[in-house]
1. Being out of contact with any Cys (no Cβ under 6 Å at 6 or more places or on another chain), in a strand (DSSP E or B) and either farther than 16 Å from residue 63 by Cα or free of Cβ contacts under 8 Å to residues at least 60 places away in the same chain (or both) narrows it down to one residue among 116, 135; which is it?
2. Please find, within the range 25-56, the residue that is surrounded by the most Cβ atoms within 10 Å (Cβ to Cβ) out of those that are among the acidic types (Asp, Glu) and under 15 Å from residue 126 (Cα atoms).
3. Do you know which of the residues in the range 73-103 that are in contact (Cβ under 8 Å) with a residue 40 or more places away in the chain and assigned to a loop (DSSP other than H, G, I, E, B) is surrounded by the fewest Cβ atoms within 10 Å (Cβ to Cβ)?
4. I want to confirm something. Restricting to the range 57-72 and keeping residues that are in contact with a strand residue (DSSP E or B) (Cβ under 8 Å, 6 or more places away or on another chain) and at pLDDT 95 or above, which single residue is surrounded by the fewest Cβ atoms within 10 Å (Cβ to Cβ)?
5. Kindly indicate which of 125, 112, 95, 129 is in contact with a Gly (Cβ under 7 Å, 6 or more places away or on another chain) and not polar (S, T, N, Q).
6. From 90, 36, 98, grab the single residue that is touching a Pro at 6+ places or on another chain (Cβ under 6 Å) and of a type in the set (S, T, N, Q).
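The values are calculated or read from the model by the stated rules, or taken from the named source; none is laboratory data. None of the values given here were measured: they were computed from a predicted structure. Counting neighbours? That spans all protein chains shown, and the Cβs are built from the backbone with ideal geometry, glycine included.
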Amino acid sequence: MTYGDSWSWFRKSAPAGQRAARRQSTVAETLRASLSIADRAGVERALHREATLLVDGGGRVNAPIQPIRGRQAAAVALCGLLKPTAASTSTIAAVNGSPSIVFREAGKVIAVLALRLHGRKASEVWLVVNPDKLRHWNRA
């Protein structure tokens, strides 16, 4: 019995962990690009319909205390909290081993957005804007 090329898919296939990391990077990049121009429709497309947004302001930043549920409400909140300016930038960085988005204003980290996927959409989104938790990002 000969298998020929029937096993070629197996040799060429990336391990599941690598595929998941690539998928998460793609969603993070989509969110980063949409948020950098306040494209609410683009943010919504990257979010799962039942997405949950948790914002950690630590009581020091004007931010929602309760979780925000639903794609539209989460997109509105994210675009409102992360308004782009001429001095703002965003990049993809590893946070706790996963691709996340780091937002800077005039070179200073002002927010970090981490996410968990459900399929190819972000289902759980954590936005850290608490200055105490961002302090280590801004050490000189």
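1. 116
2. Ranking the qualifying residues of the range 25-56, first place goes to 56.
3. Once the filter is applied, the top-ranked residue is 83.
4. Ranking the candidates gives 69 first.
5. Being in contact with a Gly (Cβ under 7 Å, 6 or more places away or on another chain) and not polar (S, T, N, Q) holds for just one of 125, 112, 95, 129, which is 129.
6. Just a single option satisfies the conditions, and that option is 36.
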